[in-house]
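Just below is one structure, and these are the notes that go with it.
Rule-based calculations on the coordinates, nothing more; no lab input. In this text, all values refer to a predicted model and were calculated from it rather than measured experimentally. Cβ placement follows ideal geometry from the backbone for every residue including glycine, while neighbour counts extend to all protein chains displayed.
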Amino acid sequence: MRLFPSLFVLGVGLAAALSAERADAAERTFTVEYKAAKGCPSRETFVDEIKRRTAVARLAGPGEQPEVSMRVKLDVKRRKATGRLDMTIGTTATQRDLEDPSCAEVVSALALLAALAIDPLAETAHLPPLPLPPDPHVPGEVGTRPAIPEPKLLETDPHYLGVTDAKVPREREGYLLVPASLPAFPYVPPPPPRDRPFDVGPGTAFSLDVATAPVPLAGVSGFIGFRSLEDDLPWSIRAEVTYSVSAGLASIGPDEPSGAEAIEGASFRFLRGRLEGCLPGWLPTSWVRVWPCGSLAGGALWGQVRKSVPVPKPDEANRFNGLGDQTKQQFVGLSEGTSPWFVGGLAGRLELAPAEWFAFELRAGPDFPLVRGSFKDENGGEIFTAPPITLSLGIGASAAF
């Protein structure tokens, strides 16, 4: 009869040994190479979520060959968090890409995928939040807010509490009981949702048009723009008005006039409206934007020609020498003309944005006149006609909200 207790003890020992051996065999080691953008959860958070979902996962020790190798890369761009998980199990490699407005949600989802790769029976339900650390001011309580301290009586002159504008009344106006310190974990309301899917804002630029007139035209532009940086296909549209003038008198006509009148020079003014669309935008970083653009522009070019005639000028010295009278040019009037202007254009725009709502920009590109400016004199002779290709340049700044 004493044999049965001995066999029972032996059986219990063998069962315990087999259970320990199975537990050791069930463990799967893994390593994590982790690279995260600023504001994303740490590597420890990622590893902890894996261990909370499965008990068989264990980080490989130094010199230990892991069964599962992982590489995690997190990035935040244009208010979207993206995450990539590369896993190698034996000779099999897999890759998963996820995105979400919250980087913490991306990390949690990648940790779930990693846990399932280690243990197909891993927990898939949403994990509850970790309890708060014990409160040193309230012994025995875990995960609660610190108690509000006893109020104290203020007997001071008027002042302001913190950064608020709550004025404390004078002592004669009554007593006010306020806590010695504000409660922990203040409520921070979430930002309000955007009421539109795009930004809008004004801008201004200095412009330079080359070959539109015989001399470059310098001026200023004002515009209002609409853009979206949130979508997978960024776009930009703007309406612009430009007024520019010639830097000086343009030399036109023959150097030696053949008739009685001579053209001293011409000045030009230019008014243009432009509608420009840019798609798609290339945003390599959060502060650099490159836009390929196309546009249609229309307006008018005003020209003013200054004329003069030769007038005899007596010169006593020349007359004494027998050389006769000399002449000088005398201004006699202005001749004005206007020509319509309509072009299609291509351009590239580079934006450098120190802030999301503000950017410096540089724009350059050719215009192809469909209706070109042309000016002629009274006899029908051509004074100036714009070439088939002109150049438009601009440098300025813009804002968007």
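Computed from label points 7 Å out along Cα-Cβ, the spacing between K376 and Q304 is 2.4 nm. Modelled spin labels at D75 and T385, positioned 7 Å past Cα toward Cβ, are 5.3 nm from each other. Charge tally for G219 (other residues, Cβ to Cβ under 12 Å; Lys, Arg +1; Asp, Glu -1): 0.
From the Cα gyration tensor of region 21-118, with a ≥ b ≥ c the square roots of its eigenvalues, which class applies: rounded if a/c is under 1.5, or else prolate if a/b is larger than b/c, or else oblate? Judged from the Cα gyration tensor, region 21-118 comes out prolate (a/c at least 1.5, a/b above b/c). Proximity of backbone amide H atoms, modeled 1.01 Å from N, is registered between A36 and L74 at under 5 Å, excluding neighbours fewer than 5 places apart on the same chain. Stretched out straight at 0.36 nm per residue, the stretch from F198 to V245 would grow longer than its current Cα-Cα span by 13.4 nm.
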